[in-house]
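Novice: One structure follows; several queries about it will come next.
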2 protein chains.
Amino acid sequence: MAQQADAGQRARLNRDRVLHAAVALADRVGIEALSMRSLAQELGVVPMALYKHVANKEQLLDGMVDVIVGEIDSPAHGADWKSAVRERILSARRALLRHPWASRVIESRSAPTPGALDYLDSVIGMFRAGGLSADLTHHVMHALGSRVWGFTQELFPASPNVDPDAQAVMFREMAARYPYIVEIAAARTHDGESVVNQGCDDQFEFEFAIDLLLDGFERLHRQGWTSADQS
Amino acid sequence: MAQQADAGQRARLNRDRVLHAAVALADRVGIEALSMRSLAQELGVVPMALYKHVANKEQLLDGMVDVIVGEIDSPAHGADWKSAVRERILSARRALLRHPWASRVIESRSAPTPGALDYLDSVIGMFRAGGLSADLTHHVMHALGSRVWGFTQELFPASPNVDPDAQAVMFREMAARYPYIVEIAAARTHDGESVVNQGCDDQFEFEFAIDLLLDGFERLHRQGWTSADQS
DNA sequence: CACGAAGGTGTACGTCGTACACCTTGGCCG
DNA sequence: CGGCCAAGGTGTACGACGTACACCTTCGTG
């Protein structure tokens, strides 16, 4: 429906076209509907043609990750390390939010892609440039975890729209069985709408966590923290 | 090779036996080798027989999650909230470490299982009992993310054993291209062995992060933090 | 103009989850 | 005691999927 068609005369494929078509297709139909077959069809080509450009599906996914990672801004310079890192990570977050499937794919890689390594190396470099020791930076990166990529592991995968009265019933049942969950869910729902699984401001939560961590890192840095001190 | 065999006379199946056999099989052969077919064979039964006990594979995985979640200790009482939460989460961690596939399966669920909700509700209850506001607790749970389950998103999936000289070559290449990564990897490698992707003490990293977060939570709690304060 | 490599095709295999119709038990009630 | 019926187990089959392998087609270069 996008390209293909006009059989017979079609631009030659290459790795880049394949990768970008895959990203676009995943954006449109979701990652679970992206198969070698559907991608081939999208490109007006037979499935096996793709294997001339990517070794297999895993490598296709690797390549797609690197396309997205390439969208992350380079580090700003001239700012203090804390806000520079913060900005960079929020940029990563913006890139990943444009492609909702990307975080799951990144997590599923069995080895980091070259683009991912570039990005990680440069983030580490930002901490080092800020004066943090290699030792502290190591632990800092671990503590950041998937947050360097701009996403948080979601505990509640945001159930899609259900009709309001079913939700009301569910709410009553939930409140009986999971009083605390319902309470803290309600804590963030100002207007009356949809108490369960909604009304969560993801961006706020992300910045809350990242600032808590960055402040913690800064505190440790200032007091000259070393892993050797910890028994 | 474990049960089955002695055809003809075989204990009746039920949901629980299916679930526990699935957990044991995943422990033994890995989650990616767990199929409805392999599980059926393990139980000495035809694949379709399983569908009398679980609706489909997703529900099988849900059930497996709840088996593991059931292994998490109940909250200790009598301790302050911080160390009580800490202990509980480390118990979750121990349970998940016994079943290395479990974290990936938990992440892949599209809706939380009942057992997961029970656990989350009770962890939230621990913060509330410690006096944290529902508001703060909400954000705290988000900041914890998958860490409530006792795992951190691994950035480097721990490449398995490769021979030492290949590693030495790789090291030289890595050092040129990713100087900072190699530097912080080395920061934690005291003895000379395997600089790349090894020598990381997961348990240390986990506790570093969890304590950083818990300390941050405590600080906010003491100073009466409220999300309303944040612009 | 020929030729060889790079790009594209067609067919086929093994694996997966599972729908659907069927048979076999075993516990309960008359 | 006999018969019944639901719960448990079977067999066959289908439509995805990733991809191996042998083949044909196109095009840039000598």
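The values are calculated or read from the model by the stated rules, or taken from the named source; none is laboratory data. In this text, all values refer to a predicted model and were calculated from it rather than measured experimentally. Quick reminder, even Gly has a Cβ in these numbers, built from the backbone with ideal geometry, and neighbours come from all protein chains shown.
Novice: Mind listing whichever residues of the stretch B:124-143 are facing another protein chain (nearest Cβ under 7 Å), closer than 21 Å to B:H77 by Cβ and in contact with a Ser or Thr (Cβ under 8 Å, 6 or more places away or on another chain)?
Specialist: Within the stretch B:124-143, B:I124, B:R128 meet the criteria.
Residues are listed down the side, and each one gets a yes or a no for (1) within 13 Å of DNA strand C (Cβ to nearest atom); (2) at pLDDT below 95; (3) not aromatic (F, W, Y):
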{"residue": "B:M36", "(1), (2), (3)": "yes, no, yes"}
{"residue": "B:M48", "(1), (2), (3)": "yes, no, yes"}
{"residue": "B:H53", "(1), (2), (3)": "yes, no, yes"}
{"residue": "B:E58", "(1), (2), (3)": "yes, no, yes"}
{"residue": "B:L61", "(1), (2), (3)": "yes, no, yes"}
{"residue": "B:V65", "(1), (2), (3)": "no, no, yes"}
{"residue": "B:A76", "(1), (2), (3)": "no, yes, yes"}
{"residue": "B:W81", "(1), (2), (3)": "no, no, no"}
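Novice: Name the residues in the stretch B:96-123 that are over 13 Å from the mean Cα position of the chain (by Cα), farther than 10 Å from B:W149 by Cα and more than 8 Å from chain A (Cβ to nearest Cβ), would you?
Specialist: Matches in the stretch B:96-123: B:T113, B:P114, B:G115, B:V123.
Novice: To continue, here is another question. Pick from B:E71, B:E42, B:E32: which is within 10 Å of DNA strand C (Cβ to nearest atom) and at pLDDT 95 or above?
Specialist: Criteria check complete, one pass: B:E32.
Novice: Looking at the stretch A:55-83, which of the residues that are within 16 Å of DNA strand D (Cβ to nearest atom) and over 15 Å from the mean Cα position of the chain (by Cα) is surrounded by the fewest Cβ atoms within 10 Å (Cβ to Cβ)?
Specialist: So, considering only residues that are within 16 Å of DNA strand D (Cβ to nearest atom) and over 15 Å from the mean Cα position of the chain (by Cα), the one surrounded by the fewest Cβ atoms within 10 Å (Cβ to Cβ) is A:A55.
Novice: Tell me the residue from A:V85, A:V23 that is farther than 30 Å from A:F127 by Cα and more than 16 Å from DNA strand C (Cβ to nearest atom), please.
Specialist: Just one listed residue meets the conditions, A:V23.
Novice: Against the condition loosely packed, with under 15 Cβ neighbours inside 10 Å, away from chain B (no Cβ under 14 Å), over 21 Å from A:S110 (Cβ atoms) and more than 9 Å from DNA strand D (Cβ to nearest atom), how does A:R28 come out, does it pass?
Specialist: Against the criterion (loosely packed, with under 15 Cβ neighbours inside 10 Å, away from chain B (no Cβ under 14 Å), over 21 Å from A:S110 (Cβ atoms) and more than 9 Å from DNA strand D (Cβ to nearest atom)), A:R28 qualifies.
Novice: What's the total number of residues in the stretch B:9-54 that are among the polar types (S, T, N, Q) and within 27 Å of the chain's Cα centre (by Cα)?
Specialist: Residues that pass the stated criteria total 3.
Novice: When the stretch B:35-53 is examined, which residues are found to be crowded, with 19+ Cβ neighbours inside 10 Å and either touching a residue at least 60 places away in the same chain (Cβ under 8 Å) or near DNA strand D (Cβ under 9 Å from one of its atoms) (or both)? Step through it out loud before you land on a result.
Specialist: Step one: list which residues in the stretch B:35-53 are crowded, with 19+ Cβ neighbours inside 10 Å, which gives B:39-40, B:42-43, B:50.
Selection gives B:A40, B:L43, B:L50.
Novice: Residues that are acidic (D, E): list the helices (runs of 4 or more DSSP H) wholly contained in the stretch B:89-153 that include at least 2 such residues.
Specialist: Details: elements: B:102-108, B:114-129, B:134-144.
Ranges flagged: B:114-129.
Novice: Among the numbered criteria (1) farther than 30 Å from A:L214 by Cβ; (2) surrounded by 17 or more Cβ atoms within 10 Å (Cβ to Cβ); (3) of a type in the set (G, A, S); (4) free of Cβ contacts under 8 Å to residues at least 12 places away in the same chain, which one does B:G145 miss?
Specialist: Going through the list (1) farther than 30 Å from A:L214 by Cβ; (2) surrounded by 17 or more Cβ atoms within 10 Å (Cβ to Cβ); (3) of a type in the set (G, A, S); (4) free of Cβ contacts under 8 Å to residues at least 12 places away in the same chain, B:G145 breaks only (1).
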